[in-house]
Amino acid sequence: MSQPTVSEYILRRLSALGIDRVFGVPGDYAFSIDDAVEKVAGLEWVVNANELNAAYAADGYARVRGAAILTTTYGVGELSALNGVMGAKAHRVPVFHLVGMPSGRIQHLGLITHHNLGDTRYDRYQAISSAACCVWAVLTPDNCVEELERAIREALRHSMPAYLVIAEADGYAPLIGDPVTGVPLDQIKRQRSDPVELRAAVDTVLQRLSAAQRPAAMITALTARYGVAGRAAELITRAGLPVAIMSYDKGVVDESLPNYIGLYGGQASSPAGVRETVEQADLLLDIGGVMLTELNTGMWSAGLDVDRAVCIHDNWVRAGDKVFINVAIDDVLDALIAEVTPAALPAVSGPPLLELTGSGTDPTSSATFYPRLQRRLSAGDTLVIETGTAMMHLNAMRLPAGVSAQEQGLWGSIGWATPATLGIALAQTAGRTWLVTGDGSHQLTLNELAVMGRYRVNPVIFVLNNGLFGIEDVISERGHVYDDLAAVRYHLLPEAMGCKGWLSAKVSTVAELDAVLDAIDRHDGAAYVEVMIPGEESQPLPIEMKDRAYKLRTPESG
Ligand SMILES: Cc1ncc(C[n+]2csc(CCOP(=O)(O)OP(=O)(O)O)c2C)c(N)n1
Ligand SMILES: [Mg+2]
């Protein structure tokens, strides 16, 4: 058999992980990659509206499939993608970012090229783009086989993006060396354990569990990244532990579990009793490693005692002042599931359904919208949550059985959710993909609606139109011109974007909202609803709270 080209080989090898789409924007330096996508069996192009959107879409896809491919062109393309790739790094999402660059002949002749600064430095962007990744390589015909294996291994081991650069002529050149076939991602052992450390870690966790009188657990999104969220749930169920999540981890636990108690976030816990269960626990089993940022902890109000916690991280375990290293999370969970003493599930009452309020000509508002949304989601669905006021409401809303969620709470780049919805919808094999986004966030990336129409994905999208960067008004104060938005008529967009067969509506009363939700139930296709929300809902936080949270006043003397 003749050798594949370097770019064909790279794409074939990556597609063997179980990837069937390539997100990106073509460019002349990247043509070898762009052409190869058309040639490699099992891969299809998704041409995004811009590279930032492509990176967000790849992030969404990889959250479902475990990994994604993103391709952009030299300089202008890769730099536009950077915010999205960095977000994938923050959220531990393996995205393979493939970038073309000027060929070796251009470089050796010292020719000046476009997408450069008018000089003959060709490697300028590598330091920038690679900073958003955990591994990077310039792939050539000679080093491609080995370097690509290294990049795949490291990206999966760390669960972070990889940056792969291919000079154009090299991409078209035949591969030198023996191709590797590869296997699907779920058959890959991503990290291996030191058996002595593993035994010691597992014994310690088992001892702590059996000694505990009031244990509780938390599970984080990191478990989903390593494909072990199901095993984490199995462990806490077998061990009979009540389980809470934090905001950033929304969707990682089935919230219909009888031992699910709700959202922990210090003083922002919901229901409020979750705080006591978590903070009074004599053993807190943290599976994944909770993230104690201000937004995740009700402004650093979490009272978690390190001595009472056992944290199972991706490849290390901490129990008080003991740290076990080189212990892979899947090995730790497997051993604990096998060896833990089974216990009955605690009788807990998790968060109730939101109260259904309003009717008829009452205006749509947060109070009338979220309870209705909650009652429409069903098993197999995914809810995509945009940063902003919507995230505050949706994190506290109990998800129905079998419903998962995705959000970008840590990186928090508004605009992420709309293209991520495209990637998630393309990656899902069942269930509906729902998006709730504020109008301001949507304005950043709404051109991706056209791409959704082109590739015939069928999300259900709610754009909450309050005419404001509302959450910014909350944390600053009302009335700043910089928080007012251009008055877009959102519900007309699907039509203008060429989205065929989309149900599209604008609702400003509860009766209209109920009617459109019924229509969506009956509609076999995408839906796009502009929901009017009163701007007055976005009331500023008390001054004291703003000072404490965002400005950190100079302390009083004495
Ligand atoms: C890329 C980026 N730019 C700016 C911000 C700052 N920011 C955070 S939330 C927000 C406003 C979101 O407004 P909208 O989507 O309308 O939601 P609302 O709170 O009004 O419901 C802004 C501007 C950010 N997080 N990310
Ligand atoms: Mg808004």
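Laboratory data are not the source of any read-out in this text; all were calculated from the coordinates shown. All of these numbers come straight from a predicted model, not from anything done at the bench. Using ideal geometry, Cβ is built from the backbone for each residue, glycine included, and neighbour counts are taken over all protein chains shown.
First measure r as the distance between the Cβ atoms of residue 552 and residue 3, then evaluate 1/(1 + (r/R0)^6) with R0 = 41 Å and state the FRET efficiency to the nearest 0.05.
Details: r = 60 Å, r/R0 = 1.46.
Efficiency computed from Cβ-Cβ geometry: 0.10.
Please compute the Kirkwood hydrodynamic radius over the chain, one decimal place, Å, based on all pairs of different Cα atoms. Let's see the in-between values first.
On the way: mean 1/r = 0.0402 Å⁻¹.
Taking the inverse mean of 1/r over all distinct Cα pairs, the chain comes out at 24.9 Å.
Out of 173, 287, 212, whose Cα points farthest toward the positive end of the dipole of the range 171-299 (charges: +1 Lys, Arg; -1 Asp, Glu; placed on Cβ)?
173
Would you work out the charge dipole size for the chain about its Cα centre, treating the Cβ of every Lys and Arg as +1 and the Cβ of every Asp and Glu as -1, and quote it to the nearest 20 debye? Please report the intermediate quantities before stating the final value.
On the way: 44 positive and 65 negative charges, 119 e Å.
The calculation lands at about 580 debye.
Within a Cβ distance under 12 Å of residue 530, other residues only, what is the Lys/Arg minus Asp/Glu net charge? Display every interim value, and only then the final one.
On the way: positive: 489, 506; negative: 439, 512.
Charge balance near residue 530 sits at 0.
Checking a compactness column here: for the range 381-454, what do you get for Rg(Cα) / (2.2 N^0.38 Å), N being the number of residues?
On the way: Rg = 11.9 Å, N = 74, 2.2 N^0.38 = 11.3 Å.
Output field value: 1.06.
Could you work out the relative contact order of the range 239-350? I mean the mean sequence separation of Cα pairs under 8 Å and 6+ apart, divided by the number of residues, in percent. Let's see the in-between values first.
On the way: 178 pairs, mean separation 33.4, N = 112.
Computed over the range 239-350, the figure is 30 percent.
Can you list the equivalent-ellipsoid semi-axes of the range 3-52, largest first and in whole Å, using the square root of 5 times each Cα gyration tensor eigenvalue? Could you put the intermediate results ahead of the total?
Numbers: eigenvalues 63, 37, 12 Å².
Its equivalent ellipsoid spans semi-axes of 18, 14, 8 Å.
Just how large is the dipole of the range 295-335 about the Cα centre, in debye to the nearest 20, putting +1 at every Lys and Arg Cβ and -1 at every Asp and Glu Cβ? Intermediate results must be reported in sequence, preceding the final value.
Working: 3 positive and 7 negative charges, 38 e Å.
Roughly 180 debye, rounded to the nearest 20.
Output the relative contact order of the range 465-558, whole-number percent, from Cα pairs under 8 angstrom with separation of 6+ residues. Please list the in-between numbers first.
Working: 94 pairs, mean separation 35.4, N = 94.
Relative contact order for the range 465-558 comes out at 38 percent.
Which log10 I(q)/I(0) values does the range 195-304 give at q = 0.17 Å⁻¹ under the Debye formula, counting every alpha carbon as one identical point scatterer?
Once normalised to I(0) and log-transformed, intensities are -0.78.
Rounded to the nearest 5, what % of the DSSP beta bridges within the chain are antiparallel ones?
Beta bridges within the chain, antiparallel portion: roughly 15 percent.
Given Cβ point charges of +1 (Lys, Arg) and -1 (Asp, Glu) and nothing else, what value in debye, to the nearest 20, does the dipole of the range 4-91 about its Cα centre take? Walk me through the intermediate numbers first.
On the way: 7 positive and 10 negative charges, 82 e Å.
It works out to roughly 400 debye.
Can you tell which of 79, 66, 15 lies farthest toward the positive end of the dipole of the range 1-104, using +1 and -1 charges on the Cβ of basic and acidic side chains (Lys, Arg; Asp, Glu)?
Going by the charge dipole, the pick is 66.
Rounded to whole Å and sorted largest first, list the principal axis extents of the Cα atoms in the range 278-359.
56, 33, 23
So for each of 125-135, 236-246 I average, over its residues, the number of other beta carbons within 10 Å; can you give me the resulting order with the highest mean first?
Values: 125-135: 18.7, 236-246: 24.2.
Order by mean packing, descending: 236-246, 125-135.
Based on the mean of other beta carbon atoms within 10 Å per residue, what is the order of 436-446, 200-210, most packed first? Could the numbers behind the result be given before it?
On the way: 436-446: 24.9, 200-210: 18.5.
The most tightly packed comes first, giving 436-446, 200-210.
Looking at the range 253-302 from every direction and averaging, what is the projected area of its Cα convex hull in nm²?
Values: hull surface 14.6 nm².
Mean projected area for the range 253-302: 3.6 nm², to one decimal.
Would you calculate a helix-derived [θ] at 222 nm for the chain, using -39,500 (n - 2.57) for each DSSP H run of n ≥ 4 and dividing by the full residue count, to the nearest 500?
Numbers: 22 runs with 200 residues, N = 558.
So the calculated ellipticity at 222 nm is -10000 deg cm²/dmol.
If each residue's Cβ is checked for other Cβ atoms within 10 Å, how do 337, 520, 176, 312 rank with the fewest at the top?
Numbers: 337 16, 520 20, 176 13, 312 29.
Lowest to highest Cβ neighbour count: 176, 337, 520, 312.
What FRET efficiency, computed as 1/(1 + (r/R0)^6) with R0 = 60 Å and r the Cβ-Cβ distance, is obtained for residue 539 and residue 149, rounded to the nearest 0.05? Mind dumping the intermediate values first?
Values: r = 55 Å, r/R0 = 0.91.
Taking R0 as 60 Å, the efficiency between residue 539 and residue 149 is 0.65.
Putting +1 on Lys and Arg Cβ atoms and -1 on Asp and Glu Cβ atoms, find which of 423, 438, 464 reaches farthest to the positive end of the dipole of the range 414-558.
It is 423.
When ranked by the protection proxy of mean other Cβ atoms within 10 Å per residue, highest first, what sequence do the peptides 302-309, 258-265 form? Numbers along the way, then the final one.
On the way: 302-309: 14.5, 258-265: 22.6.
So the peptides 302-309, 258-265, ranked by packing, come out 258-265, 302-309.
By count of other Cβ within 10 Å, fewest leading, how are 516, 460 ordered?
516, 460
Net charge near residue 333: determine it from the other residues with C-beta under 10 Å of the C-beta of residue 333, scoring Lys and Arg +1 and Asp and Glu -1. Write down the numbers at each step before the final one.
Details: positive: 231; negative: 234, 330, 331, 334.
With Lys, Arg at +1 and Asp, Glu at -1, the net is -3.
Would you list 523, 91, 393 from fewest to most Cβ contacts within 10 Å? Provide the component values of the computation, followed by the final result.
Details: 523 15, 91 23, 393 18.
The fewest-first ordering by Cβ neighbours comes to 523, 393, 91.
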